[in-house]
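Some notes on the structure that comes next.
The values are calculated or read from the model by the stated rules, or taken from the named source; none is laboratory data. The model shown is predicted, which means the values in this text are computed figures rather than measured ones. Don't worry about glycine lacking a Cβ; one is built from the backbone with ideal geometry, like all the others, and counts go over all protein chains shown. All accessible areas refer to the heavy atoms of the entire protein, side chains included, with ligands and DNA or RNA removed. Shrake-Rupley method; radii C 1.70, N 1.55, O 1.52, S 1.80 Å.
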Amino acid sequence: YHYYTYEYDKEGKKVKMKCYLTGNDGEGFTADDKLQYYKKFIYGEDGKVKKEICYSGSGKDKKWFSPDDIIGSHSIYEYNKRGQKSRVVKYNPQGDIIQYMIFIDDKKGNLVKDVDYRNPGKDRRWFTDDDVVEKYHVFQYYKDGRLKNAREFHREHNGKGKDGLWFTDDDVVSSAKEFLYNKDKLHIKDRKYIGPGEDGIWFTTDDVIQYYVICHYMKVRY
């Protein structure tokens, strides 16, 4: 129903992402597909992304990728002392914070948890203890470092569990994602699940699938 394309510079850095909706023919990668939005990634001198700009409309000229494209939001990336991404803060066109995410890594540098905040809480101030968690993800890896799966705990799906507290043992998994690879260990597919099936156990054969994503690769010569 939709797909993404990515563009990279000569150094292999991702510089643009485009999201397309399939057209009337119901097929992807055809002439009647419609661009929904696109993102640009801007890098700092250290080679890391410092800003992400999301363009949500083509502007008055009705032509995408022209100077009057409409900016729907932008995000600022922050990094810890080890150079790993630690926080991304999202702003609306007026410059107000509308969301932020924090990222937690293990000793190997693998992302093990991210937390998504979309409400500043009762004090109406961002980055304080009462900021409202929208959802968080927990990630697991294979021994060779490949991402294996992710579990999501969502506020709207009783994510806090019976005790009403986040990040405790009774938090409820609302959905899960599995990452699949080919024999050459190339990432080729994702599967998104919205239920653990009759056995009540996630990542077994009876999990209820919501959708899947197929990854396509192409060789590029510069």
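Of all residues in region 44-57, those that are in a loop (DSSP other than H, G, I, E, B) have Cβ atoms under 7 Å from Cβ atoms of residues that are open to solvent by 30 Å² or more (accessible area, probe 1.4 Å) and of a type in the set (Lys, Arg), 6 or more apart or on another chain, in GLY44/LYS50.
Only residues that are in a loop (DSSP other than H, G, I, E, B) and either open to solvent by less than 50 Å² (accessible area, probe 1.4 Å) or under 30 Å from ASP105 (Cα atoms) (or both) were counted in region 58-79, giving 4.
Checked against (1) open to solvent by 50 Å² or more (accessible area, probe 1.4 Å); (2) at pLDDT below 95, THR30 passes all but a single condition, namely (1).
Within region 121-148, the set of residues being aliphatic (A, V, I, L, M) and either out of contact with any Lys or Arg (no Cβ under 9 Å at 6 or more places or on another chain) or outside any strand (DSSP E or B) (or both) comprises LEU147 only.
Within region 188-201, the set of residues being open to solvent by 50 Å² or more (accessible area, probe 1.4 Å) and either under 18 Å from HIS216 (Cβ atoms) or within 22 Å of the chain's Cα centre (by Cα) (or both) comprises ILE188, LYS189, ARG191, ILE194. Would you check if there is a residue in region 84-102 being closer than 27 Å to VAL173 by Cα, free of Cβ contacts under 8 Å to residues at least 60 places away in the same chain, touching a Ser or Thr at 6+ places or on another chain (Cβ under 6 Å) and charged (D, E, K, R)? Yes, region 84-102 contains at least one residue that is closer than 27 Å to VAL173 by Cα, free of Cβ contacts under 8 Å to residues at least 60 places away in the same chain, touching a Ser or Thr at 6+ places or on another chain (Cβ under 6 Å) and charged (D, E, K, R). For the condition closer than 18 Å to LYS85 by Cα and either in contact with a Cys (Cβ under 8 Å, 6 or more places away or on another chain) or of a type outside the set (D, E, K, R) (or both), TYR117 qualifies. Criterion applied to ARG82, ARG118, ARG87 was being at pLDDT below 95, open to solvent by 60 Å² or more (accessible area, probe 1.4 Å) and either in a strand (DSSP E or B) or among the charged types (D, E, K, R) (or both), and the one residue passing it is ARG82.
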